[in-house]
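Worksheet: one structure, shown below.
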Amino acid sequence: PECVFKTIVMRTDTKEICVFCQSATAEINLKKARAITGCKEINPVKTEELLGITGYIRGGCTPIGMKRKFRTFIDETILLCNTVCISGGQRGVQITLRPDDLIKITDAVVTDLVL
């Protein structure tokens, strides 16, 4: 379960959309998310906005292939996994890949994001 990574899409106080990936067993630390994005406030995008922003529905959101390229941050625990599972763009569909490949594909910043 530690190597299953979920995708959370958030909006900053400046209206920037940012993407966060973390282990499904962890909870994102909003203070750390604010610090890494350099904003004062950050909140998850509303479920009804997710499809229009990313092209994906809740439960099927993946950091790969969104409508636009957003700044992406992945929790550093990804480096402890040989492979990771992420959503495949639809509910119930998973993609398994190496952490380095996910980081490269998404041009992500690897950082400490969780509580």
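The values are calculated or read from the model by the stated rules, or taken from the named source; none is laboratory data. Note that the structure is predicted; figures quoted are calculated from it, not measured. Cβ atoms come from the backbone with ideal geometry, glycine included; neighbour counts cover every protein chain shown. We work out accessible area using only protein heavy atoms, side chains counted, and drop any ligands, DNA or RNA first. Shrake-Rupley method; radii C 1.70, N 1.55, O 1.52, S 1.80 Å.
When region 38-76 is limited to residues that are closer than 21 Å to ASP107 by Cα and among the small types (Gly, Ala, Ser), the one that is surrounded by the most Cβ atoms within 10 Å (Cβ to Cβ) turns out to be GLY60.
Just the residues that are modelled with pLDDT under 95 and of a type outside the set (D, E, K, R), please, taken from region 67-92. Answer for region 67-92, where residues must be modelled with pLDDT under 95 and of a type outside the set (D, E, K, R): GLY88, GLY89, GLN90, GLY92.
Within region 97-108, residues that are closer than 19 Å to ARG71 by Cβ sit with their Cβ atoms under 8 Å from residues that are in a helix (DSSP H, G or I) and open to solvent by less than 30 Å² (accessible area, probe 1.4 Å), at 6+ positions apart or across chains, in these pairs: PRO99/ILE78; LEU102/ILE78; ILE103/ILE78; ALA108/LEU102. Within region 35-76, the only residue that satisfies the criterion of being more than 11 Å from VAL9 (Cβ to Cβ) and polar (S, T, N, Q) is THR37.
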